[in-house]
Every structure is written in structure tokens, then in C-alpha cells.
Amino acid sequence: MSKLWGGRFQKSTDKLVDDFNSSIRFDQRLYKQDILGSIAHAKMLGKQEIIPVADSRIIEKTLKEILTDIEAGKIEFDIAAEDIHMNIEQILISKIGDVGKRLHTGRSRNDQVALDMRMYVKDEIKEIQDMISNLQQVLLNISKENLETILPGYTHLQKAQPITVAHHFMAYFEMLKRDKARLEDTYKRTNILPLGSGALAATTYPLDREFVAQELGFDTVSLNSLDAVSDRDFCIELLNSLSILMMHLSRFSEEIILWCSHEFQFIELDDAFSTGSSIMPQKKNPDIAELVRGKTGRIYGSLMALLATMKSLPLAYNKDMQEDKEPVFDAIDNVKMCLPVFADMIKTMKIRKDRMYEGAKGGFTNATDLADYLVKKGVAFRDAHAIVGKIVFSCIQRDIGLDDMTLDEYKQASAIIEEDVFKAISLEECVNKRNIIGGPSGEMMEKVIRINEEYLT
Ligand code: ARG
């Protein structure tokens, strides 16, 4: 079939060029957005009497049939028709001839591709947000059951102070809240209708852009046609939001991987969410967490690819911009694979409370609390820090913990230490004394969980 734009050409396109130039291989997934956009455009053309209303109705009806046919797998796309926009228009014209040829009045493909991508990104943002909410629900449930489950908190991956599983998991809950908010923000700037921008300089037809915006569920219309067909910021913002989301999943993955190592044994992954080794019979590997961590690099790659593609493009549309699709699609697909499997992996893993508690007992995680104990008895914090430092040093020499010291030994270090020191440095006390908003005490975490339960509804 000859090209829809073939009028001014004497030769047909080289086969290599058809293959190289064509995007139908990957942009066919935009078929629905393209058809819905065309239906709204046709309706508006009829309403404005730019084309006969009867024609617009036929176009609308036929486009709906094409949609059904595509979904039934009855349509084979044509590489020579380049992209999804021209494929659908070509099919339309093959069905209704001259009437179909009126659809593209006052519209360009630059218009169409900007519209389709926005519609697609909007839908996907909603889906990804729902998946994040699902993961948040899993974290919240585990936290509710583990308000008192103590584990060591780390800085520099060195034991620092005791916290709880609830405190640790709800930290990720907060990160995911920001991820959802970033996506929401991206959504706002994606929710602007570009259609009506023409190739770059809008159009002479009296299009009713507000009507189209309403038909397609856009908040508002773009205010500069040159910008609207050149803009892929919303794709970059999406990839940025997804990159940060993946960064969070990757950090969590890293902890999961550490925690199920033999050295930690803080958790045990469910058999259904682990894999074995082809040679070492004993192995149970955290492949899911590793692959989520690995895919993070790939999502960053997509962000970098699109930033680099857009970097020097003059206004307005340039064919380079066809390269936006694969990174955006790939990032969306991979994030949508990661989120549910990650949530299920977390949901099914076993928390080894005994191992976590053992871990929190070692490494002097209660040393700060011993210093705070002295402060409460009137010692200046800097002096208390020095006294406890010396006590810790002597314990290290003797290979014992702070709670293994006798009261006499404590008194030698500081005469003001009394019997109540042992309660003050117990892990439970260390956690529950941290009773300000943001802290790990059971009481505070309950409060925070209640706030976040409300946020999720
Ligand atoms: N396939 C193109 C893309 O993805 C659609 C827009 C093409 N416009 C053009 N004037 N060549 O960017």
C-alpha cells in the first residue's frame, strides 16, 4: 500500500528504511489510546461542523470496530505504515474509504503521539500507585504484628541502637508515600491535553480543544502548541519517579539479601520466593530481591537514555523523540513486575525474632542509653559519653556485654550508678523510652500506624 504521506514522492521507501524508521513493533501497545483519541477528535470535528456529522459518526463507529478487532487479535499491523497512528488510519480508510480520509483534518501525528503517550502514562501511573499501596498494606500488616520485635538498627552497617521491625518497615512505608506523591505530581503535569497543536503551529480550523479534553478526561489544554508537541518532560518525570521508587526497593532488597545470609539469619524467605543452585545442593538464594536490585540499574538507564535523547533537540518535533517509547515502556513493565513479586516475597517471609533479638543484644546497642542514664543522674552528656566509652572498652577486653557487668563493677566506673541501671539498659527500655513522634517505641509506632492506616483508606 502506498504511504499516507506519499504524494510528493517519486520513489517508494527503501525496505531498510521502512524497517529502521518504523515504530509499530513497540508503539502498537498504544492502539487503544490512539483510537480513543481519534474518536474524540472525530466527534469534535463533527460537532464543529468541520466535517459532516454523519461522517464523524461513521468514523467513530468504525474506529470502535477496529478496536474490537485489535483486541480479538484479528488485525495484523503493517511495518510500511510506520507507526500505530498511521496503521489505524490506514485500516480506517481501507474500511470506509473517503469518509475515513477526513479524520486527520486539523491534526498531525506529532499531536497524536504526544496525546497517546500522555493517555498511556496516566493509566500506568494509576496502576503503579495501586501496586505501591498494596506493598504499603503488606508493610503495615507486618508492622502491626511486630511492634515489639526488637532488632539492631545500624549506621555504617555497624550496630547502633535497638529498634523494632515495625519501625524499620514503616521507614519504607514513608519512602513509598513519597514515591506515590511524586507519581501524583507527575500525573498532574501529564494530565494536560496536547491535541490541537497540529504539527507545531496549531491549526486554522476552529477546533474545540476543551471539548476534546473533557471527552478524554484531561484537566486542561496546553497553552503553547510548539511546546506541546516538543514536550516529553512528563516521560522524564515518570522515569525519575520510577527510578527513585526502584532505588527504595533496591535498598530494601539489599537488606533482605543481608538478612537471609547465614551471618544474619534475621529472616527466612519462603521456598516459593527463593531459588536453588544447579551445583550446590544446600543453597537457597534470594534471587527475587537480587533481581529487583538489578533491575534498578535498568530503570536508571531508561531515565538517562531519555534525558540524553532530549538534550539537544531543537523545537519542535524531531524523529529522535520516537526513542522515548522503549525506555518508558520498559521501565513501566519492569516496575510493574517488581512491585507485586516484592510485596508477596515480604508477605511470606518468616521473621526470626530470636535471631533479631540476639543481634540487638550484641554490639553494645544500649551504650547510648547507659550514657543517657548517667545524664539523668546529673552527669554532663560529654562526660557520660567518655565514661561509657571506657566501660565499653573494658567489656570488649573481657568479651562481655553491658548487661553482664555487676553493680560493683559499674560503681567502680561511676559511683552514681545504682541497681536501676540494668532496667535502664534493657533492650525493651531502650526502645520504649524513645517515645517521641518518629521514634520506635511501641506506643508511638501504634500511633503512626493508625495515621498511616487512615492514609491508605
Ligand atoms: N512514530 C512517531 C513517534 O513515535 C510518531 C510521530 C511521528 N511524526 C512525524 N512527523 N514523523 O514519535
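Give the relative contact order (percent, whole number) for the chain; include only Cα pairs under 8 Å separated by 6+ residues.
Dividing the mean separation by the residue count of the chain yields 16 percent.
Coupling constants for the stretch 378-387 follow from the phi torsions by the Karplus curve (6.51 cos²θ - 1.76 cosθ + 1.60, θ = phi - 60°), and in residue order they are x, 7, 5, 4, 4, 5, 4, 4, 5, 4 Hz; glycine and proline get x. Nearest 10 degrees is fine. How inclined is helix 287-310 to the longest principal axis of the chain, computing both from alpha carbons? The two axes meet at around 50 degrees. Taking amide hydrogens as placed 1.01 Å from N in the peptide plane, the amide H of Asn285 sits under 5 Å from those of Thr275, Gly276, each at least 5 positions away in sequence or on another chain.
For Gly153, nonlocal amide neighbours, meaning residues 5 or more places apart or on other chains whose placed amide H falls under 5 Å from its own, are Ala160, Gln161, Ile163. Our summary gives the stretch 1-115 a relative contact order of 33 percent, counting only alpha carbon pairs under 8 angstrom and 6 or more residues apart. Kirkwood analysis of the Cα pair distances in the stretch 319-362 returns a hydrodynamic radius of 13.8 Å. Separation of the stretch 57-113 from the stretch 154-188 is 46 Å, based on Cα centroids. Tell me the relative contact order for the stretch 224-327 as a rounded percent, counting alpha carbon contacts under 8 Å between residues six or more apart. Relative contact order here is 36 percent.
Converting phi to 3J(HN,Hα) with the Karplus coefficients 6.51, -1.76 and 1.60 and the offset θ = phi - 60°, the stretch 441-446 yields 4, x, 5, 5, 5, 4 Hz in sequence order, with x at every glycine or proline. How tilted is helix 53-71 with respect to the longest principal axis of the chain? Cα atoms for both, answer in degrees (0 to 90, nearest 10). The angle comes out at about 50 degrees.
For the chain, give the magnitude of the charge dipole about the Cα centre (Cβ charges: +1 Lys/Arg, -1 Asp/Glu; no others), in debye to the nearest 20.
Working: 58 positive and 71 negative charges, 144 e Å.
Computed charge dipole of the chain: roughly 700 debye.
When the alpha-carbon atoms of the chain are used, the pair Rg, Dmax equals 30.6, 102 angstrom.
Divide, for the stretch 97-231, the radius of gyration over alpha carbons by 2.2 N^0.38 Å, where N is the residue count. Before the final figure, lay out each step's value.
Values: Rg = 23.4 Å, N = 135, 2.2 N^0.38 = 14.2 Å.
Normalised Cα radius of gyration, the stretch 97-231: 1.65.
Using the number of other C-beta atoms within 10 angstrom as an exposure proxy, rank Leu30, Leu151 with the fewest first. Could you put the intermediate results ahead of the total?
Values: Leu30 24, Leu151 28.
Ranked by crowding around the Cβ, least crowded first: Leu30, Leu151.
Using the average count of surrounding beta-carbon atoms within 10 Å as a protection proxy, the listed peptides 397-408, 60-71, 5-16, 115-126 rank, highest first, as 115-126, 60-71, 397-408, 5-16.
3J(HN,Hα) along the stretch 422-429: 5, 5, 4, 9, 5, 4, 4, 5 Hz, from the Karplus curve 6.51 cos²θ - 1.76 cosθ + 1.60 with θ = phi - 60°, whole Hz, x for Gly and Pro. Annotation: amide H of Leu269 within the under-5 Å range of Lys350, sequence separation 5 or more or interchain, hydrogens built in the peptide plane. The angle separating the long axis of helix 233-259 from the principal Cα axis of greatest extent in the chain is about 30 degrees. Between the residues Ile125, Ala371, Leu226, the greatest Cα displacement towards the positive end of the dipole of the chain, with unit charges on the Cβ of Lys, Arg, Asp and Glu, is found for Leu226.
Here, each number is a calculation from the coordinates, and none is a lab measurement. Computed from a predicted structure; not experimentally measured. Here the Cβ is made from the backbone with ideal geometry for all residues, glycine too, and neighbour counts use every protein chain on show.
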